[in-house]
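To keep things clear, I will list the structure first and then write my remarks on it.
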Amino acid sequence: MSTHQGAGGLVVLAAIDRAERHNPINPGTPVWEILEHLDIPRRTRRARQARARLAELTEEGLLDHFRRRSIPVWKLTPKGRKHLTAMQRRERVPVLSESPQHKNWRRSRDMAEQARIPSRFVLGDALVDAFFLLDMKPAPHSDVWFELAERLHAGARQLGSVTHCLYEWREPSDEHPDIDTLIEPGDQDMAPHEQAILRDRRRVRRNSTLWEIPSEPEA
């Protein structure tokens, strides 16, 4: 049974198993994350079916239900994991929908492709203005330079983020969590304080919400 036909017991176990692999730090998976891995919208009939499966699987001893910081979560029991592994070997487990972390990677790449040219123009325009201001007589007011500094910083940061998402962010595997370690080859050859500066700069490189793409001018 596919997730589009309803949340069967095996596919729910597989979804929780994948969610646990993608978030190994926090034990247990809340219901909204389970629904994301099943690609089921909340507050729908299929979501209610999935919640019913969770209760059934818990009663059967395949899932453990507890609370983490007052939030109900579920995780596979040894019995549940053994059952899921056996069904996977027999190829009885339905293929899951695209995982949330892969969907995030794909959407970020699509957005980066759309932003690639506009972001170059954003930074390029700021650089052209900088050269123009350097030749102005008399020199522009200091406020002009501070405003330009913000434009240059935002433009370079956006282009850096676009470049990372488009060319450096590798496609994630469903076998492992997709976590940006903020570490690159060669970092180990730098002094600790230099590594710390680089990691701090890289914290925003996957944050596409910081991008500002100018709209196309009206004809």
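Starting from the eigenvalues of the Cα gyration tensor, five times each then square-rooted, give me the equivalent ellipsoid semi-axes of the chain, largest first, whole Å.
Equivalent ellipsoid of the chain: 47, 20, 15 Å, largest first.
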>> Please compute the per residue accessible area over the stretch 1-72 with all protein chains in place, 1.4 Å probe, rounded to a whole number of Å².
In response: 53
> What share of Cα pairs, in percent, lie more than 27 angstrom apart in the stretch 46-175?
Replying inline: 54
> Dividing the alpha-carbon Rg of the stretch 154-215 by 2.2 N^0.38 Å yields what?
Replying inline: 1.27
> Is the shape of the stretch 96-161 best called rounded, prolate or oblate, per the rule: a/c under 1.5 gives rounded, else a/b larger than b/c gives prolate, else oblate, with a ≥ b ≥ c the square roots of the Cα gyration tensor eigenvalues?
Replying inline: prolate
> Size of the stretch 32-93 along its principal axes in angstrom, Cα-based, largest extent first?
Replying inline: 33, 24, 17
> Leaving out ligands, DNA and RNA, what percent of the accessible area of the chain is carbon and sulfur, probe 1.4 Å?
Replying inline: 54
> At q = 0.09, 0.17, 0.18 Å⁻¹, what is the log10 ratio I(q)/I(0) for the stretch 1-111, with the Debye formula run over Cα points and no solvent?
Replying inline: -0.22, -0.79, -0.88
>> Suppose every Lys and Arg Cβ carries +1 and every Asp and Glu Cβ carries -1, with no other charges. What dipole size does the stretch 21-75 come out with about its Cα centre, to the nearest 20 debye?
In response: 300
> Using alpha carbon coordinates only, what is the Rg to Rh ratio of the stretch 109-219, with Rh defined as the Kirkwood radius?
Replying inline: 1.07
>> Is there a quick way to get the dipole size of the chain? I mean about its Cα centre, with the Cβ of Lys and Arg at +1 and of Asp and Glu at -1; what is the value in debye to the nearest 20?
In response: 1460
> GluC sites (Glu not before Pro) within the stretch 137-184: which are DSSP loop residues with at most 15 other Cβ atoms inside 10 Å?
Replying inline: GLU175
> Once Lys and Arg get +1 and Asp and Glu get -1 on their Cβ, which of GLY80, GLY124, PRO41 lies farthest toward the positive end of the dipole of the stretch 35-138?
Replying inline: GLY80
>> Under 8 Å for C-alpha pairs, at least 6 residues apart: give me the relative contact order for the stretch 3-142, rounded to a whole percent.
In response: 26
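The values are calculated or read from the model by the stated rules, or taken from the named source; none is laboratory data. Bear in mind the structure is a predicted one, so any value in this text is a computation, not a measurement. Glycine also receives a Cβ, built like all others from the backbone with ideal geometry; neighbour counts cover every protein chain displayed. With ligands, DNA and RNA removed, areas are computed over all heavy atoms of the protein, side chains included. Shrake-Rupley method; radii C 1.70, N 1.55, O 1.52, S 1.80 Å.
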